[in-house]
Amino acid sequence: MLSKGSSVGSSVGIYIFGMTGRMGREIRSLLEESSDAVFVGGTSSTQSQGDITAADVLLDFSVPIPLAATLDQARALAKPLVIGTTGLTDDHFSLIEQAAKTIPILQASNMSFGIAVMTQLAQLAAQLLDVSYDIEISEAHHRHKVDAPSGTALSLGEAVAKGRGQSLEMVRVDGNRSGRRQAGQIGFSVQRGGGVIGEHSIRFMGDDEILELSHKGLSRRLFARGALKAALWLKDQPAGVYTTPSPLPTF
Ligand SMILES: NC(=O)c1ccc[n+]([C@@H]2O[C@H](COP(=O)([O-])OP(=O)(O)OC[C@H]3O[C@@H](n4cnc5c(N)ncnc54)[C@H](OP(=O)(O)O)[C@@H]3O)[C@@H](O)[C@H]2O)c1
């Protein structure tokens, strides 16, 4: 059973793991302007603040290491959990599956609606274009980002591999390569620098044409808004794992 009645007034109470980080600060700033939701507390690497039991939804924008403890806490308190932290491993995904038997969990490496649309378009393009089109995924992020390729680039890679009926693990190649390109590979390249919020592109390169899908995040507000929208939606969902920040039509 999910805990009920913890809303602060009529606002939805939000607790943030990673409240002092770039994303944590952006979400808190958004909450200050929101009439739908309110910040009730959170954690950093060294401290916690506020009361987690006053939360209706927990948001995690931190690092992968404490995720197992975060999942235990969410499950013990029966609180829905939105996970935006990237760099997760297969072990983390197994723990998420396990916890989602009793609570709703939304895990998305990118909270932007535009990226959710791009992911579907990428899968469709990979399905329609044959294997003679070489696929390259590029991403750029600010100099502080620790994981690479980004979680979003990997999710886009999974979508194109799925469109081709392949497993990404079998066809993924990273970084600069010498020698002739092998048919069917999905390549990743990464740039880190400056204050770049997040840029992703997928190129389908044929002999006579290139189809390109690209997305640029212009402000961190984009992800904060998506995370908040996801939180408001998730609090009314049954237990389970959700992977898109808002329900999208499927085609
Ligand atoms: N899903 C999306 O749309 C989206 C968008 C942007 C970013 N992200 C991801 O969100 C995560 C956070 O990004 P960010 O740019 O906000 O990072 P950041 O600025 O480095 O902030 C990290 C936060 O996690 C806390 N933290 C660090 N180590 C910890 C530990 N061992 N235990 C508990 N808390 C710890 C930090 O606390 P201190 O301040 O004490 O160090 C800080 O509050 C990253 O994985 C990033 O890739 C996702």
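The values are calculated or read from the model by the stated rules, or taken from the named source; none is laboratory data. Quantities reported herein were computed from a predicted structural model and do not represent experimental measurements. Every residue, glycine among them, receives a Cβ derived from its backbone with ideal geometry; neighbour counts consider all protein chains shown. For the accessible areas, the whole protein counts, side chains as well, though only heavy atoms, and no ligand, DNA or RNA atoms are used. Shrake-Rupley method; radii C 1.70, N 1.55, O 1.52, S 1.80 Å.
Taking every protein chain into account, the accessible area of region 62-174 amounts to 45 square angstrom per residue (probe 1.4 Å). Measuring how big region 78-187 is from its alpha-carbon positions, Rg and Dmax come out at 15.6, 53 Å.
Ranking request for peptides 44-56, 154-166, 10-22: highest mean number of other beta-carbon atoms within 10 Å first, then the rest in descending order.
Values: 44-56: 15.5, 154-166: 20.1, 10-22: 22.2.
So the order, starting with the most tightly packed, is 10-22, 154-166, 44-56.
Each peptide in 90-100, 64-74 receives the mean, over its residues, of other Cβ atoms within 10 Å, and ordering these scores from highest gives 64-74, 90-100.
For region 1-154, the Kirkwood radius over C-alpha pairs fed into Stokes-Einstein at 4 °C and 1.567 mPa s yields D = 76 µm² per second.
For region 12-163, carbon and sulfur atoms together expose 52% of the accessible surface, with a 1.4 angstrom probe and every protein chain in place. Remark: C-alpha extents of region 133-226 on the principal axes read 38, 27, 27 Å, sorted largest to smallest. To the nearest ten degrees, helix 221-234 and the longest principal axis of the Cα atoms of the chain are 60 degrees apart.
Close Lys pairs in the chain (alpha-carbon distance under 26 Å; sequence gap of 8 or more, or different chains): 14. Seen from residue 32, the other residues with C-beta closer than 14 Å to its C-beta sum to a net charge of +1, counting Lys and Arg as +1 and Asp and Glu as -1. Taking the longest Cα principal axis of the chain as reference, the axis of helix 151-163 is set at about 50 degrees.
Estimated from the Cβ-Cβ distance and a Förster radius of 35 angstrom, the FRET efficiency linking residue 63 and residue 205 is about 0.50.
Let me know the charge dipole size of the chain about its Cα centre in debye, to the nearest 20, where only the beta-carbon of Lys, Arg (+1) and Asp, Glu (-1) is charged.
Details: 23 positive and 25 negative charges, 89 e Å.
Dipole of the chain, to the nearest 20 debye: 420 debye.
Give me the percent of DSSP beta bridges within the chain that run antiparallel, rounded to the nearest 5.
Numbers: 18 of 47 bridges.
Antiparallel: roughly 40 percent of the beta bridges in the chain.
Rank-order 176-187, 108-119 by packing density, defined as the average count of other C-beta atoms within 10 Å over each peptide's residues, highest first. Spell out each step's value before the answer.
Values: 176-187: 11.2, 108-119: 21.4.
Top of the packing list down: 108-119, 176-187.
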